[in-house]
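Presented below is the structure to which this report refers.
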Amino acid sequence: MSKLPMKRVGIYGLKSRRKEILEALQRYGVLEPISCDLSGSGFEKLDTARATARFMNAKNILERALGVLNEYSPEKASLFSTLEGKKTMTAGQYYELIENSDNALNIAREINELAKRIYELRLELVKTENSISALSPWKDLDIPLDFAGTKKTAAFIGTFPEEYTAEEITAGYFETLTQRGCADDVRYAIDVTVVHSDRQMTCAVIIGRRDMKNELDGILRERGFAAPVCRAGKLPRTEIERLRSKIAGIDAEIEENTARIVKRAESRRLIEFMADYYLMRIEKYELLCDINQRKKFFVIFGYVPEKYAAALEMFLAERYGAVTEISEVSEEDEVPVLLKNNKFSSPVETVLETYSMPNKTEIDPTFVLSLFYYFLFGLMLSDAGYGLLMILGCGFVLMRLRNMEPGMKKTIKMFFYCGISTFFWGILFGSFFGDAVAVIASTFFDSDLALRPLWFEPIKDPMRMLIFSFAIGIVHLFAGLGIKLYQLLREGDIKSAFFDVVCWYLLVGGGIAYLLTMDMFVSMANLSFKLPPAVQTAAVIAAAVGAAGITLFSGRSSRNIFKRIAKGLYDLYGVTGYLSDILSYSRLLALGLATGVIAQVFNQMGSMFGGGAVGAVCFTLIFVIGHSLNMAINLLGAYVHTNRLQFVEFFGKFYEGGGKKFEPFSANTNYFKFKEEK
C-alpha cells in the first residue's frame, strides 16, 4: 500500500521538434503538465482557440458519421462486447493511418450527407402519405378538388365534421334558411352530392348559383363546412396515383442511400481512428496554449512518477534531443497522487478513488481497505452458491477478455475476490443457494442429505451473528484508529497520537472489557466465555485514564483551562458516536439473514409441486428466476452497504482525503489505445 513518489520535471525542446515531442508525451502518458507563467522572462504562449475549434468540428463530423454507421450498419456485438477494451495500435500504425486523414473526413462528410438526405426523404415520405390519406375519401370524385364551378354556378367542395346523408345536409341547410326567413327564395337553391362519409366526417360537393356564392359560403360555414386540406388541380384518383409513384421513388432513393452508407462501413476503423486522432489533437492544442515558448525552443513543466523519470529523460534525449531537468518536489507543491498496490489490493483502488484520494501527508489505506472490503462483502452475501457463481463468472471474464480497460478490469477483479469471500462465509454458515441441498434431497430423492455449517447457521442463531457483527465492527473501527496512530507517529506528533488515539483505545476498549466481565451482558449475548473479575478493575482504570485524557487534552490547543475542559467534555460525548458506529454493523446480520431467508423461501416455493418430472420443471424455473432476483438484489445491497461502512465508519476515524488524482497528458481516446515502449 503506497503512493508512488513524484518528481518535478522541466522539459526543454526545440520548436522544430515540438509536434513530435508532444505526440510522444501523449502516447507515453506519464507526465502531468502544470501551468507556469514565464511571460516576465521573455516567454510567450500561443492562442490555439481557432485551431482547437477546427479540430473539434472535424471530430464532430467523424463522430456523427460513426453514429450513422452504427444506426444503418451496426457491428455484430458479442455477449461481452461492452467489457472488451480498446484496440491496440503501435506508433507505426498510428503514423501510417494519419496519412488518410483527409480521406476519412471526406468519407465521413459523405456519410453524413447521405444520412441527412435520408432524413429529408423520410419527412417527404410522411408528408406524401398524409396527402394520400387526405385524398383517399375523394377518390371517387370525378372533378378536381380545386373546381370552383362554371360561369353561372358556384361549386363548394369540402367536408362536414359529422356523418350526414345528402338529404340531411339539404334539410339542415333549409333549416338555416328558414331561421333567416329566406326559405322560399329560389336563389338559395343548392344541389348536394355526398362523395364519402364516415363517423368523423362527410365529404360533399355542393352546387349553387354563382351570384349567391358569398351568401351560400357563409351559410355552409355556419353548418361546419370546411374546404379540404389538399386542393389538387387533378382528379383525386389521378393525384393519388402520382403520389404513390412518388413514394415508390422515395423508397428507392432511401434504399440506394442506405446501401451506400452500409458500403462505407468498411471505413469504420479509419473513421474511429481519425476521431481519436482529432481528440488527441484537441487535447494537445489545449496543452499547447499553456506552454511557455520562445523563438526557437519551448519548455513544459510537470510531474512524473519517479520510476518513469529517468526513462522519460533518456527517451526524449535520444529521440528528440530534448533536455529534461528532474528535481524533487517541495512541500508547497500540490503533488498529484498515483496509487500503487499489489494484485490483491489494487482492485479496491476504484472504491477509494470514488470517495477521495489521500492527501500528500496521508498514507494509502488501500491494503487495509481491501482486507475489510472483501471480508465484509462476503459476510453480507454469505452464500456459497452465489459466491461460486461470482468466482466462475468473473474468472471467465478475466481469462477471456485480457484487453479490458484498467478500471473495468479492477472492478471485475474486485468482485472476483468478493466472490471468494462470499463462498468462504457460505461454507462456514452452511448456505448453498440457501438450503437448496436439503430441499432437493428431500423433495426428489427422499433423503436427509444437507450441507452442514462448518461454524453455525445465522438463521438459527441470530444473536450469535449479531454479537459477531459487533465484534467485526469494533475490529474495523480500531483498525481505522490504528492507521491514524501510525500516521501521527510517522509525523512525530506523539501528543496527538496518545491523546487523540490511545485514549480512545483505552476508553472504548476498557468499556468493552468491562462489559465482558458482567454476568448479565454475557448471558444476554449468549457468550461462551467471561473475563475474570480481575480484568474488571483494569478495564475501569483504562477507561478512566482514557476519559481523563480526552477531557483534559483534546482541547489542548486552547490556553484557557475552561475552554479546554469544555471542548474535552464535548469530545468525550463523542463516545456515543462510537456506540452508533458499532451498532451500524448490525447490517451484517440483516443483509446476511435477508439473503438466506429469501433463498430458502424460493426453495420452498419450488418444492411445493413435489417430485417427478412436472415438479422438477417447476422447481427449476422457480429456482433459476428466484435465485437470480435474490442474488441481484443482495449483490447490490452488499455493495452499497460495504461502501457505506468503509466511507462513514472506517474512513471517519482517520481519513481526510482531498488529494488530487494523477492525470497525465495521455491519449484519452475512445476507440484505440497506443502502445509505446517505456
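Could you tell me how far the Cα centroid of segment 381-411 sits from the Cα centroid of segment 288-302, in Å?
The distance from the Cα centre of segment 288-302 to that of segment 381-411 comes to 46 Å.
Out of residues 5 or more away from Gly149 or on other chains, whose amide H comes under 5 Å of its own, with H placed 1.01 Å from N in the peptide plane?
Ala155
Anything over 29 Å Cα to Cα? Flag those among Lys87/Lys343; Lys563/Lys660; Lys3/Lys673; Lys19/Lys340, in the order listed. It would help to have the intermediate numbers written out before the result.
Values: Lys87/Lys343 24 Å; Lys563/Lys660 36 Å; Lys3/Lys673 25 Å; Lys19/Lys340 31 Å.
With Cα atoms farther than 29 Å apart: Lys563/Lys660; Lys19/Lys340.
Using DSSP loop states and a limit of at most 14 other Cβ atoms within 10 Å to flag GluC sites (Glu not before Pro), what is the longest stretch of the chain containing no flagged site?
Working: sites that count: Glu75, Glu99, Glu162, Glu163, Glu331, Glu332, Glu334, Glu491, Glu656, Glu677.
Of all site-free stretches, the longest is 164-330.
Show which lysines lie in cross-link reach of Lys567 when reach means a straight Cα distance below 19 angstrom and same-chain residues fewer than eight apart are skipped.
Lys495, Lys653
What shape does segment 320-377 take by its C-alpha gyration tensor, where a ≥ b ≥ c are the square roots of the eigenvalues and a/c under 1.5 counts as rounded, a/b above b/c as prolate, and the rest as oblate? Kindly include the intermediate steps, with their values, before the conclusion.
Values: a/c = 3.43, a/b = 2.11, b/c = 1.62.
Prolate, because a/c is 1.5 or more and a/b exceeds b/c.
What's the center-to-center distance, using Cα atoms, between segment 206-281 and segment 308-379 in Å?
Each part's Cα centre sits 61 Å from the other's.
Given Gly218, Phe160, Ser197, which one lies farthest toward the positive end of the charge dipole of segment 146-227, if we put +1 on the Cβ of every Lys and Arg and -1 on the Cβ of every Asp and Glu?
Positive-end residue among those listed: Gly218.
For segment 379-529, what does the alpha-carbon gyration tensor say about shape, rounded, prolate or oblate, given a ≥ b ≥ c as the root eigenvalues, a/c under 1.5 as rounded, and a/b over b/c as prolate?
oblate
For segment 146-227, with only Lys/Arg (+1) and Asp/Glu (-1) charged at the beta-carbon, what is the dipole magnitude about the Cα centre, in debye rounded to 20? It would help to have the intermediate numbers written out before the result.
Numbers: 10 positive and 14 negative charges, 82 e Å.
The calculation lands at about 400 debye.
Can you show me the helix-derived [θ] at 222 nm for the chain, built from DSSP H runs with n ≥ 4 at -39,500 (n - 2.57) apiece and divided by the number of residues, rounded to the nearest 500. Let's see the in-between values first.
Numbers: 23 runs with 389 residues, N = 678.
-19000 deg cm²/dmol, from helical runs alone.
Determine the relative contact order of segment 146-227: mean sequence separation of Cα pairs under 8 Å and six or more apart, normalised by residue count, in whole percent. If you can, show how the numbers build up before the last one.
Numbers: 128 pairs, mean separation 35.6, N = 82.
About 43 percent, as a whole number.
Report, by chain and number, residues whose modeled amide H sits under 5 Å from the one on Thr90, excluding near sequence neighbours (fewer than 5 apart, same chain).
HN-HN under 5 Å from Thr90: Lys675.
Taking 0.36 nm per residue of separation and subtracting the Cα-Cα distance, what length does fully extending Lys296 through Glu253 add? Let's see the in-between values first.
Working: separation 43, 0.36 × 43 = 15.48 nm, distance 5.66 nm.
Value of the extension gain: 9.8 nm.
Just need the relative contact order of the chain here, percent rounded to a whole number, with Cα pairs under 8 Å and 6+ apart.
Values: 1002 pairs, mean separation 150.9, N = 678.
With pairs under 8 Å counted, the relative contact order is 22 percent.
Net charge near Asn342, counting Lys/Arg +1 and Asp/Glu -1 over other residues with Cβ under 12 Å of its Cβ? Can you show the working numbers first?
Numbers: positive: Lys340, Lys343, Lys413; negative: Glu349, Asp364.
Net charge around Asn342: +1.
What chymotrypsin sites (Phe, Trp or Tyr not before Pro) in segment 56-97 are in a loop by DSSP, with at most 12 other Cβ atoms within 10 Å of the Cβ?
Numbers: sites: Tyr72, Phe80, Tyr94, Tyr95; in loops: Phe80.
Listed in order of number, the matching sites are Phe80.
Which trypsin sites (Lys or Arg not before Pro) from segment 254-298 combine a DSSP loop assignment with at most 16 other Cβ atoms within 10 Å? Working shown, then result.
Working: sites: Arg260, Lys263, Arg264, Arg268, Arg269, Arg281, Lys284, Arg294, Lys295, Lys296; in loops: Arg294, Lys295, Lys296.
Of the trypsin sites (Lys or Arg not before Pro), the ones in loops of segment 254-298 whose Cβ has at most 16 other Cβ atoms within 10 Å are Arg294, Lys295, Lys296.
Does segment 146-227 come out rounded, prolate or oblate, given a ≥ b ≥ c as the square roots of the eigenvalues of its C-alpha gyration tensor, rounded meaning a/c under 1.5 and, failing that, prolate meaning a/b above b/c?
Working: a/c = 1.93, a/b = 1.21, b/c = 1.60.
Because a/c hits 1.5 or more and a/b fails to exceed b/c, segment 146-227 counts as oblate.
Quick one: putting +1 on the C-beta of Lys and Arg, -1 on the C-beta of Asp and Glu, what dipole do you get for the chain around its Cα centre, in Debye to the nearest 20? Mind showing how you got there, number by number?
Numbers: 78 positive and 77 negative charges, 367 e Å.
For this selection, approximately 1760 debye.
Computed from the coordinates by the stated procedures, all read-outs in this text should not be read as laboratory data. Just so it is clear, the model here is predicted, and its values are computed rather than measured. Virtual Cβ from ideal backbone geometry, glycine too; neighbours counted across all protein chains shown.
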